[in-house]
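Okay, structure first, notes after.
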Amino acid sequence: MLSLKRLNRCLASLCLIVLAALSAGSTQAQSVSETIPALYDASLSDLRDAVAALVASGEDEALPILSALGGGILHESDTGGIFIETGRNQYVDALTGEPADLDITGDMSVIRINNSLRRDIAAAIGSLTLMSENPITRRAAAQQMISSPNAGNLELLETAIEAETDVGVRAIMEQARAATLLETDIEGDVFEEAVDTIAARGDRTALSILNSARGGASEEQRASLDAGIEQINQSLALWSVGQNIWYGLSLGSVLLLAAIGLAITFGVMGVINMAHGEMVMLGAYVTFVVQEVIRTTNPALFDYSLAIAIPTAFLVTAMIGIAIERGIIRWLYGRPLETLLATWGLSLIIQQGVRTIFGATNREVGNPGWMSGAFELGGLGITWNRMWIVVFAILVFAMLLFVLNRTPLGLQMRAVTQNRRIASVMGIRTPWVDAMTFGLGSGVAGLAGVALSQIDNVSPNLGQGYIIDSFMVVVFGGVGNLWGTLVGALTLGIANKFLEPYAGAVLAKILILVLIILFIQRRPRGLFALKGRAVDA
C-alpha cells in the first residue's frame, strides 16, 4: 500500500525527528535565540538543521517561528535580522515580537523552502504541539494529524497516547494513530481496528481517509473499508437531516423576527403595511451608526455595540412607526387599497432617503467577538451569530407574550382585536391603542434589523427581501396570533431548507408559496384563527 514516494516522505520526516532527538540528547541543546541567526542566508540543508534545533530546544518561542517558516511569512533583512510578516509591509522580530523599523532593518526578503522541508516543518510543529501542556493545543495537533496523516509521526503518537490523561484528547490521538497506520503496510486485526476507529469518527474527514486507503488496499481489505465507508455515509445522512433542521430553525427565527411585528399591526389594526420591511432596514442602519460612533469614540466598547443598538433601534423605529400612524395611517382606516398604496409609496421614500444619507452601497456591520466563529455539536456545524439570533428571537417572542398577556396595553390591544366598537364603548381609547400598536410593531421590526445586520448585507434594499416572506408567515400562521406566527415561521423555514437541495432557492420559495395558497383555500384564517364577534363577522 505504501508507495515509494510516500516512503521517502516518511523517512525524511522520521530523520528530522531522530535528528531532533539526537540534538536534544547532546551535551546541551541550542536555545531558540542561539538558533535564529542560523536561519539567515541559509541553504536548504542548513534550514533543515535549524528546524531540528528549534524542535530540540523545546521552547514555546519555537512554534511561531516554525509556523511562519512553513507558511512563507518568515523574512530576513539586509542587516541579518529574522522577522515575521504580520501584514502588508509590517513585520515583527521573530524572537522578541517587537515591531520592525524598516528604515533601520532595510529591505525584507522571504526565506524560501521547498515542499519536502515544508512537510518536515509540519511534522516538527506536530511534535511540539502534541506534547504541549495545554490540552487544547494537544487536541488541535491531533486533529491536524488526522487531516494530514504522516507515517513519520507514528512513534510520536504512540508516546503521546501513553502519556495522555485527558480522555477526549486521547480518543482523538487514537484516531490520528489509526489514520497514520492506514498510510502504512498493515494487515489483519491491526488494519481492522484502524478502520473501525476511523469509521466510528463518522465525519467527512474519516470518509476521505478510508477512500484514500481503498486505492492501495487488497480485496479483503477493501471489503472492510467499504463497510466502514457505508457506516460513515449512513451517519452523514442522519447528520445532514439534523443540519437541515438547524438551518430551518435558523431561517425560521429570522422570519419570526421579521414577521412578528407585522402580525401585531395586521391583527389589531387590519393595516397592510408595505413599509414594514423598511422598519427592519432602519433597525440595521441604526446598528451601523451605533458601531461607527463606538469605533470613533471608544473602540473598547465594540463588543457591547449590540447591547447599545438593541434599545436604540427599538426606540428609533417605534417613534417613526408612531409618526407614520399619526400622520398617514389613521386617515386611511377602512380603506385597505389606499393604505397599501400609501405605505408602498412611503417605503420607496424611506429607501431613497437612506440612499441619500448613507449611499447605495452595502455598509459594514461587524460581529462582536462573542458572535464570531463557529463550533461543532456532534456532526452539526453551528455558527455563533446564528445561534445567538435564535436565542434573541425566543427572548423577543417571550417579551411580546408578556406585554400582550400581562400589561394594560396588551389587554387593550386584545380587546380592540376582538371587537373594536365594543372596546371603544367600554372606554378604551382605540386611536391611542392603534398608535401604540403600530409603534410596538415597528419597534420589533427594528430589533429584527439589528439581528439581520449580523448575517445579511446592510443596504437600502434589506427590507425588501423579507416583506413577502413576512406576509406569508402571518397569513399561514393566523393573522394577529403570536403562536401562529411562531409555528408558521419555523414551519416555513424548515420546509424551505429541506426543499432547497432538490429544487433550488428560487423554486423552493415558489413551491412554498403555492402550498400556502392551497392551504388557505381550506383554512382562510390560517393555522390559529382569532376568535371574537368582530372577527367572526
**Study point:** Count of residues meeting criterion [of a type in the set (A, V, I, L, M, F, W, C), within 20 Å of residue 400 (Cα to Cα) and surrounded by 19 or more Cβ atoms within 10 Å (Cβ to Cβ)] in region 473-508
**Key:** 10
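The rows are residues; the columns are (1) under 25 Å from residue 385 (Cβ atoms); (2) modelled with pLDDT of 85 or more; (3) in a helix (DSSP H, G or I).
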{"residue": "444", "(1), (2), (3)": "yes, yes, yes"}
{"residue": "448", "(1), (2), (3)": "yes, yes, yes"}
{"residue": "454", "(1), (2), (3)": "yes, yes, no"}
{"residue": "465", "(1), (2), (3)": "yes, no, yes"}
{"residue": "470", "(1), (2), (3)": "yes, yes, yes"}
{"residue": "480", "(1), (2), (3)": "no, no, no"}
{"residue": "483", "(1), (2), (3)": "no, yes, yes"}
{"residue": "489", "(1), (2), (3)": "yes, yes, yes"}
{"residue": "492", "(1), (2), (3)": "yes, yes, yes"}
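Here's the yes/no breakdown for (1) open to solvent by less than 60 Å² (accessible area, probe 1.4 Å); (2) under 33 Å from the mean Cα position of the chain (by Cα):
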position: 261; (1), (2): yes, yes
position: 268; (1), (2): yes, no
position: 280; (1), (2): yes, yes
position: 301; (1), (2): no, yes
position: 311; (1), (2): no, yes
position: 318; (1), (2): yes, yes
position: 336; (1), (2): no, no
position: 365; (1), (2): yes, yes
Practice item. Working only within region 166-202, note down all residues that are farther than 22 Å from residue 233 by Cβ and assigned to a loop (DSSP other than H, G, I, E, B). Key: 166, 183, 184, 185, 186, 187
Review point. Which condition number does residue 256 fail, the rest of (1) free of Cβ contacts under 8 Å to residues at least 24 places away in the same chain; (2) within 30 Å of residue 399 (Cβ to Cβ); (3) not hydroxyl-bearing (Ser, Thr, Tyr) being met?
Key: (1)
Revision key, fill the gap. Condition set assigned to a helix (DSSP H, G or I) and touching a Phe, Trp or Tyr at 6+ places or on another chain (Cβ under 7 Å), scope region 263-290, selection nearest to residue 483 (Cα to Cα): answer is 265
Study note, to complete from the structure: Pairs returned, first residue in region 230-253 that is of a type in the set (Val, Ile, Thr), second residue that is open to solvent by 40 Å² or more (accessible area, probe 1.4 Å) and assigned to a helix (DSSP H, G or I), beta-carbon separation under 7 angstrom, 6 or more apart or interchain, are 245/494
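Residue under question is residue 118, and the condition is that it be of a type in the set (Lys, Arg), exposed (fewer than 13 other Cβ atoms within 10 Å of the Cβ) and closer than 30 Å to residue 151 by Cα; does it hold?
Numbers: of a type in the set (Lys, Arg): yes; exposed (fewer than 13 other Cβ atoms within 10 Å of the Cβ): no; closer than 30 Å to residue 151 by Cα: yes.
Answer is no for this residue.
Could you run through region 197-225 and say how many residues are charged (D, E, K, R) and either touching a Pro at 6+ places or on another chain (Cβ under 6 Å) or closer than 21 Å to residue 155 by Cα (or both)? So that I can check it myself, show each step before the final result.
Our first condition is that a residue be charged (D, E, K, R); within region 197-225, this holds for 201, 203-204, 214, 219-220, 222.
Still in the running and either touching a Pro at 6+ places or on another chain (Cβ under 6 Å) or closer than 21 Å to residue 155 by Cα (or both): none.
Of the residues in region 197-225, 0 are charged (D, E, K, R) and either touching a Pro at 6+ places or on another chain (Cβ under 6 Å) or closer than 21 Å to residue 155 by Cα (or both).
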Exercise for review: Could you tell me whether region 228-236 includes any residue that is of a type in the set (A, V, I, L, M), open to solvent by 60 Å² or more (accessible area, probe 1.4 Å), on the phi < 0 side of the Ramachandran plot and out of contact with any Leu (no Cβ under 6 Å at 6 or more places or on another chain)?
Suggested key: no
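The values are calculated or read from the model by the stated rules, or taken from the named source; none is laboratory data. Worth saying up front: this structure is predicted, and the values here are computed from it rather than measured. Please note: Cβ atoms are built from the backbone with ideal geometry, for glycine as well, and neighbour counts cover all protein chains shown. SASA here: full protein model, heavy atoms, side chains in, ligands and nucleic acids out. Shrake-Rupley method; radii C 1.70, N 1.55, O 1.52, S 1.80 Å.
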